[in-house]
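S.K.: Dropping a structure here in structure tokens format, bear with me for questions.
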Amino acid sequence: MPNRKIFIGAAWPYANGPLHLGHIAGCLLPADIFARYCRMMGYDTLFVSGSDMHGTPIMVTAEKEGLTPEEVAERNHASILKTISSLGIAYDLYTKTHTQHHFDVVRDIFLSLMEKGYIETRSEESPYCPSCARFMADRYLEGTCPHCGYEEARGDQCDNCGRVLDAKELLAPRCKICGSEPEFRLTEHFYLLLSRLEDRVRDFVEGSMHRWRPNTRNNTLNFMRDGLKDRAITRDLTWGVPIPVEGYEDKRIYVWFEAVCGYLSASKLYSRNAGKEDLWQSHWKDPDCRHYYFLAKDNIPFHTIIWPSILLGLGGLNLPYDVPSNEYLQWDGAQFSKSRSHGATVNGFLEDYPVDPLRFYLSVNMPERGDSNFDMDEFIQKNNTELLGAFGNYLHRVLSFAATNFGEVPERGELSKRDADFLDTIREFYERALGSMEKVRLKEGIHTMMAAVHEANRYFN
Ligand SMILES: [Zn+2]
Ligand SMILES: [Zn+2]
């Protein structure tokens, strides 16, 4: 399979806090393993990501801490960069959404979709806090989810049941900052006309989902079940990507829309940095280039519906080929995001343990097809028995045997039947592992490789 081209995007970490182990197991590590695999196979691979710097959660944090949103986002971006470098996640480019370059790319996408009739302005009634004197975009509005009864649902989404919400659906709505009840006032926003793109999105989903994992498929079909609704892609905010149309200086483009555009803007930035302005086109316009997006399950519709809608609206750009989404890794049975444990953040964990045992344990214990649990005892035991006891020990035995008996790597001798059978067995394992990796079944791949290691130890005995 020479000359194959692969684009890999890992979901953009949100710069409202440090990375925890759940983020790593959810998408950064699987994307990195797959990228390393593709490069080893000689595929022409481009692997990009960056920090998602905008949105109301960062603004709420900034307000609480008496900082600017930029200060909060930059602080977390620096922490994320440190984690990525300590973990050896080998991106071709890791950037962020708060750059002039990203603004320019989003502006071009926005204007192009507007020109093609996929974006238009509409007036809508939006929640407004009279005592804070501002519109309450997304995180600024809290209330009870009408679907599951969760009391801290946000204006745009329920973190408990994952449903996308309309601000007007929330029960007992209140201002996140001052607790006041909102009133609804008329404001003008830009809408992405998903209804006009729906047929093509549906064709794309139906033609692709045989490759997707069950959670990607189910989540996508759920989102599409009642048809695609046109969605507001701007907000009454001052932090974010500016709207490239005169008269909207006090509004910004919503993160749902602009963060996914980061895959394209990062690819273009990579090209520019490499001194070849058009390099990105070989990955985005060659229909044979396969695009893989790695993410955790809460992010699926943005990559299987919203981003493909934008790409279909623009035309001439590659759509996602596979969208491997992981379930959640739990920390002693609880969600990482809610854990305040020092060890749950990656930077904290790596102060106490080296990186390879962590990568190994997260790889064999990846939440690929169901939630998995990070268990400290198991972390230590798996490393001692598997990585060290089986793999490390095998290498040590082979090398010290060769050193003691030959002083060098000896010439190949006559193969006995047992030797030849062993080689055949190892080749079978190798082929099977490659098959798993090609289908992004990473856990299956590493288990096959470890089975080969055990076989090799038995042979050496
Ligand atoms: Zn809910
Ligand atoms: Zn308020």
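S.K.: Kirkwood hydrodynamic radius, computed over distinct alpha-carbon pairs, for region 376-461: how many Å, to one decimal?
M.R.: Averaging 1/r across every pair of different Cα atoms and inverting gives 14.6 Å.
S.K.: Oh, and also: Please report, in whole Å³, the volume per residue of the convex hull around the C-alpha atoms of the chain.
M.R.: So the per-residue Cα hull volume is 166 Å³.
S.K.: Stretched out fully, how many nm does the piece from residue 376 to residue 428 gain, at 0.36 nm a residue minus the Cα gap?
M.R.: 15.4 nm
S.K.: Still on this structure, please answer the following. Give the distance, in whole Å, between the Cα centre of region 417-452 and the Cα centre of region 217-272.
M.R.: A separation of 42 Å, based on Cα centres.
S.K.: Computed FRET efficiency, Cβ-Cβ of residue 414 and residue 351, R0 41 Å: what is it to the nearest 0.05?
M.R.: E(calc), rounded to 0.05, equals 0.20.
S.K.: Sticking with this one: Report the antiparallel proportion of the DSSP beta bridges in the chain as a percent, rounded to a multiple of 5.
M.R.: Percent antiparallel among DSSP bridges in the chain is about 55.
S.K.: Oh, and also: So what is the calculated 222 nm ellipticity per residue for the chain, using -39500 (n - 2.57) for each DSSP H run with n of 4 or more, over all residues, to the nearest 500 deg cm²/dmol?
M.R.: It lands at -13000 deg cm²/dmol.
S.K.: For the chain, what does the relative contact order come out to in percent, with C-alpha contacts under 8 Å and a separation of six or more?
M.R.: 18 percent
S.K.: Next question. Considering amide H positions built from the backbone, and no H for Pro or chain starts, which residues 5 or more places from residue 121, or on another chain, come under 5 Å of its amide H?
M.R.: Hits under the 5 Å cutoff: 191.
S.K.: Aspartates and glutamates within cross-link reach of residue 82: Cα-Cα under 14 Å, excluding same-chain residues under 8 positions apart?
M.R.: Counting by Cα, and skipping residues close in sequence, residue 82 has these aspartates and glutamates nearby: 74, 351.
S.K.: For 382, 168, what's the largest-to-smallest order of accessible area, 1.4 Å probe?
M.R.: 168, 382
S.K.: Largest first, what is the accessible-area ranking of 309, 180 with a 1.4 Å probe?
M.R.: From most accessible down to least: 180, 309.
S.K.: Moving on to the next point. I'd like to compare 268-278, 142-152, 444-454: which one has the highest average count of other Cβ atoms within 10 Å, and what's the full order after that?
M.R.: 444-454, 142-152, 268-278
S.K.: Taking the Cα atoms only, what angle lies between the long axis of helix 194-208 and the longest principal axis of the chain, rounded to 10 degrees?
M.R.: Taking Cα atoms only, the helix is inclined about 10 degrees.
S.K.: Okay, moving on. When the Cα centres of region 103-160 and region 172-191 are compared, how far apart do they sit, in Å?
M.R.: 10 Å
S.K.: Could you give the angle, 0 to 90 degrees to the nearest 10, between helix 442-460's Cα long axis and the longest principal axis of the Cα atoms of the chain?
M.R.: Tilt of helix 442-460: around 10 degrees.
S.K.: In nm, to one decimal, how far is the modelled label at residue 222 from the one at residue 249, with both set 7 Å along Cα→Cβ?
M.R.: Spacing of the two 7 Å Cα→Cβ label points: 4.3 nm.
S.K.: Which order do you get for 204, 184 if you rank them by accessible area with a 1.4 Å probe, largest at the top?
M.R.: Order by accessible area, largest first: 184, 204.
S.K.: Treating the angle as unsigned and between 0 and 90°, give the value, to the nearest 10°, between the Cα long axis of helix 56-65 and the longest Cα principal axis of the chain.
M.R.: 80 degrees
The values are calculated or read from the model by the stated rules, or taken from the named source; none is laboratory data. Given the structure is predicted, the values throughout are model-derived calculations rather than measurements. When we count neighbours, we look across all protein chains shown, and the Cβ atoms used for this are built from the backbone with ideal geometry, even at glycine. Please note that ligands, DNA and RNA were not included when accessible areas were found on the heavy atoms of the full protein model with its side chains. Shrake-Rupley method; radii C 1.70, N 1.55, O 1.52, S 1.80 Å.
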